[in-house]
1. For residue 38, only one of the following conditions fails: (1) closer than 30 Å to residue 209 by Cβ; (2) surrounded by 14 or more Cβ atoms within 10 Å (Cβ to Cβ); (3) free of Cβ contacts under 8 Å to residues at least 24 places away in the same chain. What is its number?
2. Considering only region 64-111, state which residues are at pLDDT below 95 and of a type in the set (Val, Ile, Thr).
3. Name the pairs: first residue in region 112-132 and aliphatic (A, V, I, L, M), second residue at pLDDT 95 or above and away from the ligand (no atom under 12 Å from the Cβ), Cβ to Cβ under 8 Å, at least 6 apart or on different chains?
4. Name the helices (runs of 4 or more DSSP H) wholly within region 134-214 that hold at least 3 residues that are more than 8 Å from the ligand (Cβ to nearest atom) and crowded, with 17+ Cβ neighbours inside 10 Å?
Amino acid sequence: MSVPLTANHKSLQCHRFDGVLDWAQMLSGAGLIAFMWMHMTLVASVVISPGIMNAIAEFFEATGMAQVGGPLVFLLFLAHFALAARKIPFRLEAQKTIWEHAKLLHHTDTWLWVVQVVTAMIILVMGAIHMWVVLSDLPITALKSAERIRSGAWIFFYLLLLPLVELHVGIGLYRIAVKWGLAGRSERKGLKRGENLLTLIFITIGVLTLIRFWFLKG
Ligand code: HEM
């Protein structure tokens, strides 16, 4: 015999579903963080030698990982945005309220959340353009990447995307650790310092990579 759902049951189900979506958001974010660390390291191999970057790219294409994995990363990227968008204030009124609260509270974590939302919007557009351009022009080679980076305004595109992504990844990692209880209140300062250091290291690696591409000629 089925029992009719009361308002309380429905609200409980809603909460549970929201919890599941929260987990999915965190897991998709964690997956993208792992991807970005791998991506930055693999692309940076050009600094050691363009031959190594070419060999890695060849391996990814020969195994189909670029052709299949690339679009999958793109889907994960879109899914992560759709899941996180539940919490993003798209209406002007809500945005004003959050802005006022952030100013009033002087609370670093609230500001970090504002940075997270603003960087997300820009990364959504720039990341999609970047993946489209790279994946629709396979195979990846160090020389092709270098020529792209030297052409038009691409260098400025990457010089903007790089810090935005690294900020978003660093803050995301910190928020995951706090939200899921991996770091208590007393450990937050140290965690933030570690996260800032990591962000700085990846931005430095990225800038060195771009410089290497800039001077790479065939
Ligand atoms: C499967 C997906 C992806 C592939 C195959 C890929 C591949 C590449 C390649 C080959 C480069 C060298 C530059 C070029 O050729 O234009 C590059 C650079 C870069 N990519 Fe990606 N990428 C992917 C996804 C992403 C995502 C999701 C982001 C962040 C939203 C991202 C951010 C960057 C940044 C910031 C650079 C500059 C690198 C640096 O400064 O070291 N990429 N990527």
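The values are calculated or read from the model by the stated rules, or taken from the named source; none is laboratory data. For clarity, every value in this text was computed on a predicted model and none was experimentally measured. Because the Cβ atoms are built from the backbone with ideal geometry, glycine has one as well, and the counts that use them run over all protein chains shown.
1. (2)
2. Result: 68, 88, 97, 98, 108, 110.
3. As it stands, the answer is none, since no pair meets every condition given.
4. Values: elements: 142-150, 154-179, 188-214.
Filter on region 134-214 gives 154-179, 188-214.
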